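Input: a single structure, listed below in structure tokens.
The values are calculated or read from the model by the stated rules, or taken from the named source; none is laboratory data. Note that the coordinates shown come from a computational prediction; the quantities given were computed from them, not determined experimentally. A quick note on method: Cβ atoms are made from the backbone with ideal geometry, for glycine too, and the neighbour counts reach across all protein chains shown. The protein model used for the area step is the full one, side chains on, heavy atoms only, and it has no ligands, DNA or RNA in it. Shrake-Rupley method; radii C 1.70, N 1.55, O 1.52, S 1.80 Å.
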Amino acid sequence: MQDPARVTGNSVGLEELLPPLTANEAAVEAARCLMCFDAPCTHACPTHIDIPKFIKKISTGNLRGSARTILDSNLLGATCARVCPVQELCEGACVLGAEHKPISIGRLQRYAMDHINSRKIDMFRPAAPKGKSVAVIGGGPAGLSCAGELAKHGYSVTLFEKRDFAGGLSTYGIIGLREPVDVALAEVEMIRHLGVQVESGKELGANLDLAELQSKFDSIFMGVGLGATPDLGIAGEEHIIDGLEYIEQSKVSARQMIIGRNVAVIGAGNTAIDCATIAKRLGAETVTMVYRRSENEMTAYPHEYDFIKREGVRFSFLTQPVRLLAENGRVKALECVRVSLGGKDASGRPAPQPVAGSNFMLEADQVVKAIGQQKPSLISKLGLKTDKGFIHVDGNFETSLPGVFAGGDCIRARGAASTVMAVQDGKLAARAIQERLEAHG
């Protein structure tokens, strides 16, 4: 197991992008809020944080009360303050955004959460024991949210995590420039302090058996996330670096990273942008993002696209990799073909069609792929009903197995999955589990 002290450092160039607000900056920003009745920002937040209320408490100097308001709706408030696409959600709905600058809701939320986290203030105490136990499989945002909400209400919760540390993508898969590791690990510790027992190195289908868990626990929640990055199916792929592994290395051992001079990043989502950022900020001379569709079909958020353009990263749109050239294990180039866009494919986006005779070589000595993640392969082995490869759940997040619930990326298709949605899934599933256990005595 890695030393947690090693996992909390970010390399120079990958420090948190936005500095924390000063007390004066926070007071000035909070004073701008109109404290709207039936606030659009609250409706735009998937976890429905009472945003005017927490901002009002900041303006009166009640930072503990502000943090409590946030945590009552979202136990991972520190993470979401940093990684939520606020431009698309709460800040995008701010009524001041039409003619003025929207309130910096994300940074104010971070200000309140950092206040209690830096002082190690525990905001909750577990309720009296209920005498019921719940197993939570997966320590990502959905699992942590569900475990914490249940523990708050007196349930005995054991969280099983396959990695050394819980936190999921918040710990391993989101660039430190947006969320440092220590923020994610602090939230894991908060969940522990609520009484949740965290067991690492436990993986469903490997050393964890679902039937055995069903016999030991009164209910189960699965937040198993997604699978590995899919294969490109091209020659030389063994020399291509997995994007999530690239990000993980930048967070846990950035000083040992080898960065190419000319880096190609295959993909155009938020993870691909994180990989391109790492390469550029850690010394690559040129970084080129290679995408087989146009910028109109990019899955990255618009503000992330704007950011990476300002970083000086190049783009090669309508470009399909077909072969990686390497000599003696050293990457030399990425052979690509130009494509045109045809009719819509199964994803609902225009399908790339190779243009005959348009092959060309893209100079590269390091290639990273960030083309999404596969659906979790173990679902079919568990006998769970699926929906387009994802775990099927009903309106209460219960799977086809009675008493087994699920949430997070393992139930959501591309475009609908996000950290904040996973947190909300875990919270709502916890409520449903509580109702079920109370109904069954």
Fill in the blank from the handout: One would report the antiparallel percent of DSSP beta bridges in the chain, rounded to the nearest 5, as 35 percent
Practice task
Please grab the % of Cα pairs in the stretch 318-441 that end up more than 19 Å from each other.
Solution key: 66 percent
Completion exercise
About its Cα centre, the chain carries a charge dipole, from +1 on Lys and Arg Cβ atoms and -1 on Asp and Glu Cβ atoms, whose size in debye to the nearest 20 is 400 debye
Problem - Cα-only radius of gyration and Dmax that characterise the chain, units Å - result: 22.5, 71
Exercise for the section: Any chance you could list P(r) for the stretch 277-379, counting all Cα-Cα pairs in 10 angstrom bins from zero, rounded to whole %? Expected result: 13, 38, 36, 13, 0
Fill in the blank from the handout: Only helices counted: for the chain, with every DSSP H run of 4 or more residues adding -39500 (n - 2.57) and the sum spread over all residues, [θ] at 222 nm is -10000 deg cm²/dmol
Completion exercise
Distance in nm between Phe124 and His193 label points, each 7 Å along Cα→Cβ, equals 1.2 nm
Problem - For His115, solvent-accessible area (1.4 Å; no DNA, RNA or ligand), Å² - result: 40 Å²
Exercise for the section: Provide the solvent-accessible area of Val339, counting protein heavy atoms only and rolling a 1.4 Å probe, rounded to the nearest 10 Å². Expected result: 10 Å²
Fill in the blank from the handout: All alpha-carbon distances of the stretch 376-441, grouped into 10 Å bins from 0, give the whole-percent distribution 21, 51, 25, 3
Fill in the blank from the handout: Toy charge model, Lys and Arg Cβ at +1, Asp and Glu Cβ at -1: the stretch 244-401 dipole around Cα centroid in debye, rounded to 20, equals 240 debye
Exercise for the section: Mind checking which of Met35, His48, Gly329 is farthest towards the positive end of the chain's charge dipole, using Cβ charges of +1 (Lys, Arg) and -1 (Asp, Glu) about the Cα centre? Expected result: Met35
Fill in the blank from the handout: Rounded to whole angstroms and listed largest first, the alpha-carbon spread of the stretch 1-159 along its three principal axes comes to 52, 42, 28
Exercise for the section: Among Met190, Phe397, Gly61, pick out the residue whose Cα is farthest towards the positive end of the charge dipole of the chain, where Lys and Arg carry +1 and Asp and Glu carry -1 on C-beta, about the Cα centre. Expected result: Gly61
Fill in the blank from the handout: If exposed means trypsin sites (Lys or Arg not before Pro) lying in a DSSP loop and surrounded by at most 15 other beta carbons within 10 Å, then the longest stretch of the chain lacking such sites spans residues 121-260
Handout entry: Inter-site label distance for Met35 and Gln256 at 7 Å from Cα along Cβ, in nm
Key = 5.3 nm
Practice task
Hey, for a label at Ala206 modelled as a point 7 Å past Cα toward Cβ, could you say which residues of the stretch 135-165 have their backbone N under 17 Å away?
Solution key: 137-140, 159-165
